[in-house]
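Heads up: the structure comes next, in structure tokens.
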Amino acid sequence: PSAPVPAVPSVPQLKRTIEWQSENENVFVWETPPEPMERRFSSLIWILLFTFFIGAFVFQRNILAALLGFLAAVVFMLQGRRNAQRTSVIVDETGLVIGNRTHGFHALKSFWITAIPGGPRELSLEFKTRFLPYLKVPLGPQDPVPLRLFLSAYLPEQEHEPSLIDELIRSIGS
């Protein structure tokens, strides 16, 4: 029999869970911060840029490129209209629960915590599967030092270099 999976608290229940966390040092609970408004505003800039390229492709009679540009603009528009959401994160002896998804330590290869003062604060998890190699979780108010000490008992700490896509997304959002 495997260890029981912790239940995912709803956001109103999270405050009670944080009080429980202070009694149990082996459980870390926090909420990820919602997406900043500047990042959502940058989606509008990208939509305008795509509109310009679509117009240029139509002018050049390249319908396939115009159609692909239109689809990309629709994806950015839908992403920009999405409501900013908070996600609960729980880390304990069995693994991690992020939102409604559970990730056991057996499925993880390593972790890395990035906590640059004034910059990004995130937990990076490397999975053993090729289909989901990395997962980045914003730390929000969580203190990275005790979390790092706790995770190092279960996973090796290995620096995760940011991918080209991570850098692109970060530059678009700022």
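The values are calculated or read from the model by the stated rules, or taken from the named source; none is laboratory data. As the structure is a computational prediction, the values presented were derived from the model and not from experiment. Neighbour counts are summed over all protein chains in view; Cβ atoms, including those assigned to glycine, are modelled from backbone coordinates with ideal geometry. Side chains are part of the model used for accessible areas, which takes the heavy atoms of the whole protein and leaves out ligands, DNA and RNA. Shrake-Rupley method; radii C 1.70, N 1.55, O 1.52, S 1.80 Å.
Tabulated results
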item	result
Wholly within region 66-114, strands (runs of 3 or more DSSP E) carrying at least 1 residues that are of a type in the set (A, V, I, L, M) and modelled with pLDDT of 80 or more	88-92, 95-98
Selection within region 99-110 - open to solvent by less than 50 Å² (accessible area, probe 1.4 Å) and without any contact (Cβ under 8 Å) to a residue 40 or more places away in the chain	H103, G104, A107
Close pairs (8 angstrom Cβ cut-off, 6 or more residues apart or separate chains): under 22 Å from T94 (Cβ atoms) and open to solvent by 70 Å² or more (accessible area, probe 1.4 Å) in region 149-166, part of a loop (DSSP other than H, G, I, E, B) and at pLDDT 80 or above anywhere	Y154/E93
Whichever residue in region 24-55 is closer than 30 Å to Y154 by Cβ and surrounded by fewer than 14 Cβ atoms within 10 Å (Cβ to Cβ) and, among such residues, is modelled with the lowest pLDDT	N24
Any chance S2 is hydroxyl-bearing (S, T, Y), at pLDDT below 60, more than 23 Å from P162 (Cβ to Cβ) and part of a loop (DSSP other than H, G, I, E, B)	yes
